[in-house]
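Some notes on the structure that comes next.
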Amino acid sequence: MKERGNTSLAEKLQTPARRIFWTEWRGRSITYVSVWIVILILLSLLWFITSKGLQPFLNGEITLSQFFSTNWSPQDNKFGSLYIMLGSFMVTIGATLISAPLGISAAIFMTEIAPKWGKKVLQPATEILVGIPSVVYGFIGLTLLVPFIGKLIGGIGFGLLSGILVLSIMILPTIISISVDAIEAVPQKYREGSYALGATRWQTIWKIVLKTALPGLMTAVVLGMARAFGEALAVQMVIGNVPNAPFHFFISIHTLTSMITQNMGNTVPGETFNQILWSMALVLLLMTLVFILVIRLITRRRDVS
Amino acid sequence: MLVVDQFNVYYGEKHALNNISITFSSKTVTALIGPSGCGKSTLLRSLNRMNDYIPMFRADGSIRLGKTEIYDSKTDVVSLRKRMGMVFQQPIPFPLSIYDNIAYGPRIHGIKQKKQLDAIVEKTLHQAHLWDEVKDRLHASALGLSGGQQQRLVIARVLAVEPEILLLDEPASALDPISTEHIEQLILSLKENYTIIVVTHNMQQAKRISDQTAFFLHGEIVEAKETDILFQSPNDQRTERYLSGQFG
Ligand SMILES: Nc1ncnc2c1ncn2[C@@H]1O[C@H](COP(=O)(O)OP(=O)(O)OP(=O)(O)O)[C@@H](O)[C@H]1O
Ligand SMILES: [Mg+2]
């Protein structure tokens, strides 16, 4: 009786151990293989874009200083892309200047001022807005915004301002929903501690909630910027697609993404114009890396403090 | 004087405080004792209306601070809380520096001069007996402090606001005997200017520091009277059994 009890106990102890070993092993193999596939895809993409993007420079078809000049006339083999890059920056900065304050304020409202209504109505609504494909935003911009601006100031309505407005509407839900997450992650105890010292709600929001959520809020803004910078379709539909100097709200301009989408089908692989598009893609890639780096830096500062 | 009169608290269906009546006289220390879950924190948090943030919370009855009816809708909760400093059961410093944690209260109440703030920080850290341990790292994050240090920091943070009444929810629960003694001495010295209400599970501590003791059980006050009398000759059998460690 006692013997049998002992063996069964020993068995019980051993069997799961063996089973755990195999599940462990299987799980580990699957994750390792997946990780290597992902790394491989990533590296080959990076390699592909980098080598394609560098080609016109290595082949001597264009110099760096020519590429970063303002002289754009493809028919004369001049591909100075500075205004196009600046176009990307201008729409991004413009959209962020509008959406960041608006989005963060909306997030404060949804979490701190009217949390019930915010949770039930506004947050689900924002999440739906995040999911709307960008081409829809572009379509709406093209149908409503462009004619409206055209009527308001005369002219055709395409241009920097239309691009900024469409993008700001598009990135607003992204900024709101990430900001909401950041604010909700602030422990309730911090708020209580502040109230207990006789702080008002606004003092608590300003000095405790926003201060604590700051890295998350900055991440929200940078992610919004990254989305604006990389957006192609919606922008292309409303900014007019002419590589003018992007310093005037009401004239048509170009951006890196709109230039690529507009011309990738109209150019022949191997010709200089097509190669330049790859160089632009490389610039986009590098900018994305910068955005990611910035987010990394922001979130790391939080860990230290 | 702080007077609680037939005060009831409900959390949803749960009747957490049942017809509580007790008076806290000025410049005295009252100890609240009783088994876990009997409603000590609930009473403390009701006094400065920190329970307002709990959605299911409901209260009736009366609490008066001087002439102010605390649960009157016209009462200014913000200035009420400035008058009643509170140390929570779980002390949580803000994710700011040690200095900024203490300067937070004075700053929101309008003190801006650095000299003045420096003086407040140093004084309150001395009072809370934390100064020597942190004087070289005032601008380091308060989250890097140990549990006991955080508890003392939170006490310093409350003193910096200069309230009239101190609500302390187990202020020494994470402290070693020496720090505990310092905090007890602090409480006794503050008694000259403050009205102090302190929750404690330590009977000896209640005996050492309090003038009045209230024994809670299941949301009711079984007995509340002068500490010496309560400990020597409790009226109620339940008090007697609790004090002698027979249940709770
Ligand atoms: N936010 C809340 N929601 C619902 N019930 C609560 C809440 N806070 C406290 N209670 C209940 O009210 C009763 C009293 O709780 P309270 O925190 O006042 O006890 P306590 O005497 O401070 O106990 P302890 O010594 O463990 O701190 C308990 O039964 C508790 O479960
Ligand atoms: Mg408690």
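Values quoted throughout were computed directly from the atomic coordinates according to the rules given, and no laboratory measurement underlies them. Everything numeric here is computed off the predicted structure, so don't read it as measured data. All Cβ positions, even for glycine, are placed from backbone atoms using ideal geometry, and neighbour counts span all protein chains on display.
Within 10 Å of each Cβ in A:205-218, how many Cβ atoms from other chains are there, averaged over the peptide? Could the numbers behind the result be given before it?
Numbers: counts 0, 1, 6, 4, 0, 0, 4, 3, 0, 0, 0, 0, 0, 0.
Across the residues of A:205-218, the mean count of other-chain Cβ atoms within 10 Å is 1.
Using the alpha-carbon positions of the protein assembly as shown, Rg (one decimal) and Dmax (whole number) come out as 33.0, 106 Å.
Amide H to amide H distances under 5 Å link B:Val199 with B:Leu32, B:Leu168, B:Asp169, B:Glu170, where only residues 5 or more positions off or on other chains count and H is placed in the peptide plane.
Cross-link reach is defined here as a Cα-Cα straight distance under 20 Å, omitting same-chain residues fewer than 8 places apart; for B:Lys123 the aspartates and glutamates meeting it are B:Asp100, B:Asp132, B:Glu133, B:Asp136, B:Glu162, B:Glu164, B:Glu181, B:Glu184, B:Glu192.
If packing is taken as the mean number of other Cβ atoms within 10 Å per residue, what is the order of A:138-151, A:220-233, highest first?
Numbers: A:138-151: 17.1, A:220-233: 22.2.
Packing order, densest peptide first, comes out as A:220-233, A:138-151.
How well do other chains shield peptide B:46-57, expressed as the mean number of their Cβ atoms within 10 Å of each residue Cβ? Can you show the working numbers first?
Numbers: counts 0, 0, 3, 2, 4, 0, 1, 4, 0, 1, 0, 0.
That average works out to 1.
Computed from the Kirkwood radius of its Cα pairs, the Stokes-Einstein diffusion coefficient for chain B at 25 °C and 0.890 mPa s stands at 131 µm²/s. Amide H to amide H distances under 5 Å link B:Ser97 with B:Ala142, where only residues 5 or more positions off or on other chains count and H is placed in the peptide plane. The ranking of B:Ser25, A:Ser258 from fewest to most other beta carbons within 10 Å of each one's beta carbon is B:Ser25, A:Ser258. Extending 7 Å from the Cα toward the beta-carbon at both A:Leu233 and A:Thr63 defines two label points whose distance is 4.1 nm. The distance linking the stretch A:104-149 with the stretch A:21-88 is 32 Å (Cα centroid to Cα centroid, whole angstrom).
Shielding of peptide A:188-195 by partners, expressed as the average count of other chain Cβ atoms within 10 Å per residue Cβ, is 6. For the stretch A:174-190, putting each phi into the Karplus relation 6.51 cos²θ - 1.76 cosθ + 1.60 with θ = phi - 60° gives couplings of 4, 4, 4, 5, 6, 5, 4, 4, 5, 6, 5, 6, 6, x, 4, 4, 5 Hz, in residue order, rounded to whole numbers and with x for Gly and Pro. Legend: calculated FRET efficiency, B:Lys135 to A:Leu293, from the Cβ-Cβ distance at R0 = 35 Å, rounded to 0.05, equals 0.40.
Dividing the Cα convex hull volume of the stretch A:1-156 by residue count, how many Å³ per residue is that? Before the final figure, lay out the partial values.
Values: hull volume 43.5 nm³, N = 156.
About 279 Å³ per residue, rounded to a whole number.
Taken over the alpha carbons of chain A as equal point scatterers, the Debye sum produces base-10 log I(q)/I(0) values at 0.06, 0.07, 0.08, 0.12 Å⁻¹ of -0.32, -0.42, -0.52, -0.93. Measuring max minus min along each principal axis, the C-alpha atoms of the stretch B:76-192 give extents of 37, 31, 24 Å (largest first).
Taking GluC sites (Glu not before Pro) as exposed when DSSP calls them loop (any state but H, G, I, E, B) and at most 13 other Cβ atoms lie within 10 Å, what is the longest stretch of chain B free of them, the sites themselves excluded?
Values: sites that count: B:Glu13, B:Glu192.
That gives B:14-191 as the longest site-free run.
Phi angles of the stretch B:116-123 translate, via the Karplus equation with coefficients 6.51, -1.76, 1.60 and θ = phi - 60°, into HN-Hα couplings of 4, 5, 3, 4, 4, 4, 5, 4 Hz per residue; Gly and Pro are given as x. Taking every DSSP helix (H) stretch of at least 4 residues in chain A, weighting each as -39,500 (n - 2.57) and dividing the sum by the residue count yields a mean residue ellipticity at 222 nm of -24000 deg cm²/dmol. Diagonalising the gyration tensor over the Cα atoms of the stretch B:139-248 and scaling each eigenvalue by 5 before taking the square root yields semi-axes of 29, 16, 12 Å, largest first.
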